[in-house]
Ligand SMILES: [Zn+2]
C-alpha cells in the first residue's frame, strides 16, 4: 500500500529537479511533530487530551512536588530549547520555569500562559494565601472545570495554528473533552446540591479551591497555608478553630503534598474530621492509568470532598475519565 501511495504522490507532483534526492519518501505536506512542554500535571493532561498521539509532550513539574516553589533543574533548559510550544498556568505560579523558558526559547516558539488568557485582571481572586498586597492572584483556575475547558480551547487553537494538518484531530479531541467537561459540570452540580446548605463551606490547607467554590456555590471560609508557605500564627489557628466550631463545619481538608500538623490540631480542637487526601496538582494512579488524568483528578477530589461534607458523590461515579483521543499518548509525566 505504501508503495502505491508513494507512486501516486509522485505522479501528481511537478517534474523533480536534479537536486532532489530520488530515494526520499515524498511527504504529502512536510509536517514536523510539534514539541510541546507543559508544567503541572493537570495542565499536561489537558494538553495531552487535545494533542493526543500527534504531538511530543513533556511535563515538567514532578508529581508530589510543590509547584509554587518548583525550580527546574538546569537540564530542563535543553528541553525548553527544543519546544515549539510551552504551556504554563502563569499568574505567577511557575516563575522560575517561565524565566528559563524565555531564556531558552527557540526562534518562532511560543510561551502560552493559559491562566492569563482565561481570566481578566478584574476576575483575579485574592485571599489569605494570595493577598492582594502581594500582587499575585490565586493561580488555581483548573479545579473549576469550565476554566479548565478554556485552557483546552487555547491549547486547541495554538496546536492547530502551528500544525494545521492535524487541526481536525485537535478539534475532534477538544469536542470530546468539552462533552466530558459538560458531564462533569452537571455531576458536580448534582453532588453539591446534595450537600446540606449549611455544610457548603471549605477550609483547606492549600488554597486551591477559590474559583471552583465560586462556580458551584461553596464558601471558602479559609485556607491555612500563608503565602510564604510557612505555618500560620497561633492566633490565626485559634480564630479558625473558633470559626469551624461556630459554623459547625463537618470536615477540613488537606493534601498529601502539604502534610500539616496544624490541620490535625485544628480538626482535633474543632471536632471536624481531617481529610488529608485532596490533590491540587497530582493526578490519581500512575501514568498510563485511565484515571491518571485531569478528569480523574476532578472526580477523585469530589468523591472525597462531597461525602465528607455530608453530600452524595454518586453522580460522579460513572464518568469516563480516560483519554479522549485516539492513538498512543507520547506524554511524559515526571515522577
Ligand atoms: Zn497550588
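All of the numbers you see were taken from the coordinates with simple rules; none came from a lab. The shown structure was predicted, so the numbers you read here are calculated from the model rather than taken from an experiment. Cβ coordinates were reconstructed from backbone atoms using ideal geometry, including for glycine residues, and neighbour counts include every protein chain displayed.
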For residue 273 and residue 238 in one chain, what is 0.36 nm times their gap in residues minus the Cα-Cα distance, to one decimal in nm?
10.9 nm
With T = 20 °C, eta = 1.002 mPa s and Kirkwood Rh from C-alpha pairs, the Stokes-Einstein D of segment 92-144 in µm²/s is about 169 µm²/s
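Give the order of 100, 263 when sorted by the count of other beta carbons within 10 angstrom, beginning with the fewest.
Ranking 100, 263 by Cβ neighbours within 10 Å, fewest first, gives 100, 263.
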Given the C-alpha centroids of segment 244-321 and segment 99-145, what is the distance between them in whole angstrom?
24 Å
How many Å³ per residue does the convex hull of the Cα positions in segment 54-100 occupy?
88 Å³
Which angle from 0 to 90°, rounded to the nearest 10, does the C-alpha axis of helix 2-11 make with the longest principal axis of the chain?
60 degrees
Relative to the longest principal axis of the chain, what angle (0 to 90°, nearest 10) does the C-alpha long axis of helix 167-193 take?
10 degrees
Helix-only mean residue ellipticity at 222 nm, the chain, DSSP H runs n ≥ 4 weighted -39,500 (n - 2.57), per residue, nearest 500. What is it?
-12000 deg cm²/dmol
Along the Cα→Cβ direction, 7 angstrom out, place labels at residue 121 and residue 291. What is the inter-label distance in nm?
4.3 nm
The helix 294-308 Cα axis meets the longest alpha-carbon principal axis of the chain at an angle in degrees, between 0 and 90 and rounded to 10, of 10 degrees
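Taking every pair of alpha-carbon atoms in segment 196-316, give the share separated by more than 20 Å as a whole percent.
Working: 2988 of 7260 pairs.
Across segment 196-316, Cα pairs with separations above 20 Å total 41 percent.
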Could you work out Rg/(2.2 N^0.38 Å) for the chain, with Rg from alpha carbons only?
1.14
Hey, in the GNM for the chain with a 10 angstrom Cα cutoff, which one of 228, 144, 207 fluctuates hardest?
228
How large is log10 of I(q)/I(0) for segment 34-185 at q = 0.15 Å⁻¹ when the intensity is taken from the Debye formula with one equal scatterer per alpha-carbon?
-0.78
Just subtract the alpha-carbon distance of residue 132 and residue 161 from 0.36 nm times their residue separation and send over the number in nm, one decimal.
6.8 nm
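Based only on other Cβ atoms within 10 Å, what is the fewest-to-most ordering of 142, 124? Before the final figure, lay out each step's value.
Numbers: 142 28, 124 17.
Taking fewest neighbouring Cβ atoms as first place, the list is 124, 142.
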